[in-house]
Amino acid sequence: MSTVEMPIKALPFEPDARVTILTGAGASADSGVPTFRDPGGLWRRIDPNTIATARGFFADPVRGWALYHELRTHVRACEPNAAHHAISAFQAEHRGVVRLITQNVDGLHLRAGARELIEIHGNLFHTRCGDETCDLAPFFDERPEAATDHRCPSCGGVLRPDVVWFGEPNDLELEREVSEALASCDWYLAIGTSGTVYPAALYARFAKKNGAQTVIVNLELPENAGDFDLHYTGRAAEVVPILLGRP
Ligand code: BV8
């Protein structure tokens, strides 16, 4: 079934409909957070293999930390946008179960008051030891941006951002929660994602197979467009509040 381009108005959710939402970088674009693959996007100016893989990062952790500190400083100055706020309000007020999954590491859903959030790619502001055998727990990293000492206080290893890089698996427990959210939803909404990164790019297909109505809100048709029943073209900050009945 081809994706149908729809006029933008509130979605006809049944009062106790179970809704699963996935966000990507396009959901934060209206907050000023750079996306990855758009013109000017992060992976357009930086080769992800040199920074968003364990091999790339640990080949030069000083360079890696310089980029992540730059990102942390930039994102700290960004504010949640109307899409984040509409999703939080919908999650708080809708009678049915609303599960929120994000590929984003920017923490903006949390700052917009999201109640339950599955951060499948981790969080930019958390740091952990690069040595998986170390007993240091991941921590919310308040160190000054200029911090150059990235040695683990527990084992002396190299600290790393607590995010999922390419070639690393998403957290198994989070993926179990995602599977449950996809298996039991009536609606699946993907917001601001190119559908190019796996396994998240497969979620719409799983939801659809389980009988969900699948919806994409994006500036362009994503790579996995065929998995969506309805397509809304537009900026997330403008479209999402209307679709969720919170203009
Ligand atoms: C893994 C965190 C296995 C770091 C990121 C098949 C199955 C499984 C894996 C693979 C597979 N094929 C290939 C793979 C490997 C790989 C992968 O998917 N590669 C791709 C490139 C082909 N996947 C992985 O490596 C994953 N791990 O599979 O592990 C495994 C198992 C066991 C043991 C070992 C290994 C891990 C993937 C996670 C990588 N981490 N980021 C960091 O951020 O610092 S990826 C990065 O991409 C971000 O997380 C980002 O969120 C994510 C997805 O990108 P999008 O969010 O979609 O952003 P993008 O810029 O692409 O698109 C934005 C869209 O928004 C655009 O379409 C645009 O039109 C739209 N837009 C823009 N502005 C707006 C808007 N829309 C609305 N409003 C606007 N205003």
Given charges at beta-carbon only (K, R positive; D, E negative), |dipole| of the chain in Debye:
300
Ranked from highest to lowest mean number of other Cβ atoms within 10 Å per residue, what is the order of the peptides 34-43, 84-93?
84-93, 34-43
Using a 10 Å cut-off on Cβ atoms, rank the peptides 181-188, 52-59 from the highest mean neighbour count down.
181-188, 52-59
Principal axis lengths of region 105-234 from Cα atoms, whole Å, largest first?
51, 29, 28
Quarter of the surface of the C-alpha convex hull for the chain, i.e. direction-averaged projected area in nm², equals 12.9
Suppose every Lys and Arg Cβ carries +1 and every Asp and Glu Cβ carries -1, with no other charges. What dipole size does region 2-73 come out with about its Cα centre, to the nearest 20 debye?
260
Net charge within 10 Å of residue 177 by Cβ-Cβ distance, Lys/Arg positive one each and Asp/Glu negative one each, not counting residue 177 itself?
-3
Using the 4.7 Å Cβ rule, please list in number order the cysteines from the chain without any candidate partner.
78, 185
DSSP bridge orientation in the chain - percent antiparallel, rounded to nearest 5
25
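Values in this text are rule-based calculations from the coordinates and carry no lab data. Since this is a predicted model, take the numbers as computed values, not measurements. In this analysis, Cβ positions are derived from the backbone assuming ideal geometry, glycine residues included, and neighbour counts consider all displayed protein chains.
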